[in-house]
Amino acid sequence: MIRVNDLSKNFGARQAVDGLNFEARQGEILGFLGPNGAGKTTTMRMLTGYMPPSSGTATIAGFDILKDSIEVRKRVGYLPETVPLYSDMTVFDYLKFMADLRHLPNPKQAIDETLLMVGLTDRADGYIGNLSKGMRQRIGLAQALLHKPEVLILDEPTIGLDPAQIIEVRNLIRDIGKERTVLLSTHILSEAQQICNRILIINKGKIVVEDTPANLQSRLAGAERVHLRVRGEADELADQIRKLKGIQEVTIQGDGLLEFQFAPGKDLRPEVARLTIESKFDLLEMRPINLSLEEIFLELTHAEGSTQPE
């Protein structure tokens, strides 16, 4: 469990994080999204004890990040954007080094269990410098999981990976998130859409919105858009659909494809379908067009030129 209360961080006159309030529950993957400079990494560094907040506080598994910093660190696994690995060490030796730093009572058992969890058992004796980016990212996850933390904080865990490696790491995070609290920072919006239970979008140090991916799409669509395909040219049909009461917009895409839009709560699909058939058109397809998370993100942030510290 993560509970954040009025958490803020200033760098001189610049405010990187501005009064954040949110929770992440056990067994939940919370996506932490925002443009560069939004304050995501700064927030994660405060939660992990890397830097103190300017004001406000947070608790991790019930422990205050300021008053109980050591207890918090025992319960948090942290994967920074740049994983601190040593290329001249073997995978096992690196994890043994991390286990010794954490004073784990049975390091070999912890290492063996963690290697099995991240799928690196057969790479234990391999040198880190000889492994692929995806494998090294798994090692980073392994060091974060080694002490069986209650909370896992991941900063851009799939950055720089190829598509196959991204899928592997996503699946691993899904499995991890079934039992732990996971706070996941990412720029890959489709990633958050696929693996996160809730999404928190931050911009200029403030929370813009917090909701499930599905609810975000329905809340922010603003109007219902529908994709309609018929056999043949659809120009004449488009003219007839425009005459229906409640239709806001009709656009012709060509080759029998058009899109129409109507206000939320006034489903005009039955009327359009009836009109299409009565007008002697073969109705091949009709489906809603969902606003993508990328569109929602841009609509909420408008911050491509942000220059605040990350």
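The values are calculated or read from the model by the stated rules, or taken from the named source; none is laboratory data. This structure is a prediction, so every number in the text was calculated from the model and none was measured. Quick reminder, even Gly has a Cβ in these numbers, built from the backbone with ideal geometry, and neighbours come from all protein chains shown.
Of all residues in the range 42-58, those satisfying the criterion of being touching a helix residue (DSSP H, G or I) at 6+ places or on another chain (Cβ under 9 Å) and surrounded by fewer than 16 Cβ atoms within 10 Å (Cβ to Cβ) are 50, 51, 52.
Determine whether the range 74-88 contains at least one residue that is out of contact with any strand residue (DSSP E or B) (no Cβ under 8 Å at 6 or more places or on another chain), small (Gly, Ala, Ser) and in the same structural domain as residue 62 (by TED's automatic domain parsing). Checking the range 74-88: not a single residue is out of contact with any strand residue (DSSP E or B) (no Cβ under 8 Å at 6 or more places or on another chain), small (Gly, Ala, Ser) and in the same structural domain as residue 62 (by TED's automatic domain parsing). The set of residues in the range 1-58 being in a strand (DSSP E or B), of a type in the set (A, V, I, L, M) and modelled with pLDDT of 90 or more consists of 2, 4, 7, 16, 17, 20, 24, 29, 30, 58. Do we find a residue being modelled with pLDDT of 65 or more, crowded, with 17+ Cβ neighbours inside 10 Å, in contact with a Pro (Cβ under 8 Å, 6 or more places away or on another chain) and part of a strand (DSSP E or B) anywhere in the range 237-248? There is no residue in the range 237-248 that is modelled with pLDDT of 65 or more, crowded, with 17+ Cβ neighbours inside 10 Å, in contact with a Pro (Cβ under 8 Å, 6 or more places away or on another chain) and part of a strand (DSSP E or B).
Note on the range 249-271: residues that are hydrophobic (A, V, I, L, M, F, W, C), at pLDDT 85 or above and more than 13 Å from residue 288 (Cβ to Cβ) amount to 4.
List, please: which pairs have Cβ atoms under 7 Å, are six or more places apart or on different chains, and start with a residue in the range 76-101 that is touching a residue at least 24 places away in the same chain (Cβ under 8 Å) and end with one that is assigned to a helix (DSSP H, G or I) and among the basic types (Lys, Arg)? Final answer for the pair search is 83/136; 85/136; 91/123. Take the conditions touching a helix residue (DSSP H, G or I) at 6+ places or on another chain (Cβ under 7 Å) and more than 20 Å from residue 204 (Cβ to Cβ) and apply them to residue 61. Does it pass? For residue 61, the condition - touching a helix residue (DSSP H, G or I) at 6+ places or on another chain (Cβ under 7 Å) and more than 20 Å from residue 204 (Cβ to Cβ) - is met. Would you mention how many residues in the range 173-215 are more than 13 Å from the chain's Cα centre (by Cα), farther than 21 Å from residue 2 by Cα and of a type outside the set (Lys, Arg)? Number satisfying all stated conditions: 2.
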